[in-house]
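Below is one structure, written out as structure tokens; the observations come after it.
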Amino acid sequence: MELFGGIGAIRKALIRQNIPHRVIDYVEIDKNCVKSYNALYKANFKSKDIVGYHAPNENIDLLMHGSPCQDFSRVGQKKGGEKGSGTRSSLLFETIRIIEKMNMRPKVVLWENVKGVLDKNMRTSFFHYLREMERLGYESKYEILNAMDFGIPQKRERIFVVSILGKNNFDFNKLNKTKPKDISEFLEKDVSSVYEVRQESMLRFLRNDPKNKNFKGRLMIIDKFAYTISTKQVRVPNSGVIDLGNGKYRYLTERECFRLMGFDDEDFDKLRAIYHPRKGKLSSILYKQAGNSIVVNVLEGISYELYNR
Ligand SMILES: C[S@@+](CC[C@H](N)C(=O)[O-])C[C@H]1O[C@@H](n2cnc3c(N)ncnc32)[C@H](O)[C@@H]1O
């Protein structure tokens, strides 16, 4: 069962790990995400709102929910996710409502979010979630995992909570960790000039021009790894830029962002075929879907530990 399903990183992970599965339902409000998901997995879901949603009466082994993170994120207004607050992040508690109403509760519930949920002013909601899971009969374990430890040259730290109905023997220490691959394997050659950084303020900052005084923010040059793939690249902070030499820089392409989220080129090609940006434009839809997703390789590590070991 995939709630806030996006482009289905968990489904991709189960496929890669050859873990037999059947998706009982997929809940996602964004029509473009649903279109992408259907194209990636040959499915036929319609968009739907989690608010008021009821799960079908079926036995569920795994419920995955990567609920919206904007209000917990350190890059944002930090409105938080308190139950009943009406923020997008508070939709997390819809999952609790859904599980509570189920006749048969899912055996495993997996939640992913930004590590900002542990910040002093945010963690009340996080611990509220854990208490609610306990009330529903789950034992939870959580850990901050970095994609860099799962073969992907992207510094992306996210919190993962594994909740198991009854006794929880899941051990984050047993996850198979591997060094990141060389970033050159993820970067495209001959990238169009459309991706070049053109904002004078950014360029001055990157070129260490003393006139960059007015530049606000954090702009990094990608060397061995990319920074967290976010939903937009033409802004600061982003996932870093590539130094092209001669004072020129470029943004990551949509394809590179998908690769750095652990998706295959064949997946990206299916989506590229759906969204044709106007000539000379970048695809905000594809960047958003990549930035909102979860690194497939991290979920592979977790699913291996849950089902294959
Ligand atoms: C952080 S993303 C999760 C992405 C997903 N884990 C993946 O693998 O791509 C959160 C998702 O929740 C969706 N969402 C936000 N509000 C929703 C609602 N009311 N009902 C259903 N989905 C919602 C967003 O459209 C977004 O795709």
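Can you give the helix-only mean residue ellipticity at 222 nm for the chain, where every DSSP H stretch with n ≥ 4 adds -39500 (n - 2.57) and the sum goes over all residues, rounded to the nearest 500 deg cm²/dmol?
It lands at -7500 deg cm²/dmol.
For Lys79, what is the net charge nearby, where nearby means another residue's Cβ is under 12 Å from its Cβ and Lys, Arg count +1, Asp, Glu -1?
0
For Gln154, which sequence-distant residues (separation of 5 or more, or a different chain) have an amide H within less than 5 Å of its own amide H, given hydrogens modelled in the peptide plane?
Close amide H contacts, sequence-distant or interchain: Met148, Ala226.
Along Cα→Cβ, 7 Å out, is where each label goes; now give me the distance between the ones at His276 and Ala39 in nm to one decimal.
It works out to 1.2 nm between the two label points.
Can you tell me the mean projection area, over all orientations, of the convex hull of the chain's alpha carbons? Units nm², please.
The directionally averaged projection comes out at 16.7 nm².
Can you compute the charge dipole magnitude of the stretch 33-80 about its Cα centre, using +1 on each Lys and Arg Cβ and -1 on each Asp and Glu Cβ, nothing else charged? Give it in debye, rounded to the nearest 20.
About 300 debye.
What percentages make up the Cα-Cα pair-distance distribution of the stretch 183-291 when the bins are 10 Å wide from 0?
Distribution as computed: 14, 48, 30, 8, 1 percent.
Which of Met102, Ile159, Phe45 sits closest to the plus end of the dipole of the chain, meaning its Cα is farthest towards the positive end, when Lys and Arg get +1 and Asp and Glu get -1 on the C-beta?
The listed residue farthest towards the positive side: Ile159.
Compute the Cα gyration tensor for the stretch 73-168, then decide on rounded, prolate or oblate, letting a ≥ b ≥ c be the square roots of its eigenvalues: rounded whenever a/c is under 1.5, prolate when a/b is larger than b/c in the other cases, and oblate in all that remain.
oblate
Please turn the phi angles of the stretch 174-179 into ³J(HN,Hα) values with the Karplus equation 6.51 cos²θ - 1.76 cosθ + 1.60 (θ = phi - 60°), one per residue in order, whole Hz, x for glycine and proline.
Here the 3J(HN,Hα) series is 8, 4, 6, 10, 9, 5 Hz.
Between beta-carbons, use under 11 Å as the cut-off and find the net charge around Met148, counting Lys and Arg +1, Asp and Glu -1.
Once positives and negatives cancel, what remains is +4.
Tell me which lysines have Cα within less than 26 Å of Lys248's Cα, excluding those fewer than 8 residues away on the same chain?
Lys155, Lys181, Lys189, Lys211, Lys213, Lys216, Lys224, Lys232, Lys279, Lys281, Lys288
What does the charge count around Arg105 come to, taking other residues whose C-beta lies under 14 Å from its C-beta (Lys +1, Arg +1, Asp -1, Glu -1)?
Residues near Arg105 contribute -2 overall.
Could you tell me which residue out of Leu282, Cys257, Val296 lies farthest along the dipole of the stretch 257-309 toward its positive end? Charges go on the beta carbon: Lys and Arg +1, Asp and Glu -1, centred on the Cα centre.
Projecting each Cα onto the dipole axis, the largest value belongs to Leu282.
On full extension of the chain, what length is gained from Met104 through Glu185, given 0.36 nm per residue of separation minus the C-alpha to C-alpha distance?
So the chain would gain 24.7 nm between Met104 and Glu185.
Give the share of C-alpha pairs in each 10 angstrom bin for the stretch 37-128, from 0 to the last occupied bin, in whole percents, shortest bins first.
In order of increasing distance, the bins hold 15, 41, 33, 11, 0 percent.
Using a 7 Å offset from the Cα along the Cα-to-Cβ direction at both Tyr53 and Lys79, what is the distance between the two label points in nm, to one decimal?
It works out to 2.0 nm between the two label points.
Return a single number: how many Lys pairs in the stretch 29-153, at a sequence separation of 8 or more or on separate chains, have alpha-carbon atoms below 19 angstrom apart.
15
Is there a quick way to get the dipole size of the stretch 183-291? I mean about its Cα centre, with the Cβ of Lys and Arg at +1 and of Asp and Glu at -1; what is the value in debye to the nearest 20?
Rounded to the nearest 20 debye, it is 780 debye.
Residue by residue, what Karplus-based ³J(HN,Hα) values in Hz, rounded to whole numbers, does the stretch 258-275 have, using 6.51, -1.76 and 1.60 with θ = phi - 60° and x for Gly and Pro?
Couplings: 5, 4, 6, 9, x, 8, 8, 4, 4, 5, 4, 4, 4, 7, 4, 5, 8, 9 Hz.
Readers should treat all values here as calculations from the given coordinates under stated rules, not as data from a laboratory. Just so we're clear, the structure is a prediction, and the values are computed from it rather than from any experiment. FYI the Cβ positions are ideal-geometry reconstructions off the backbone, even for glycines, and counts take in every protein chain you see.
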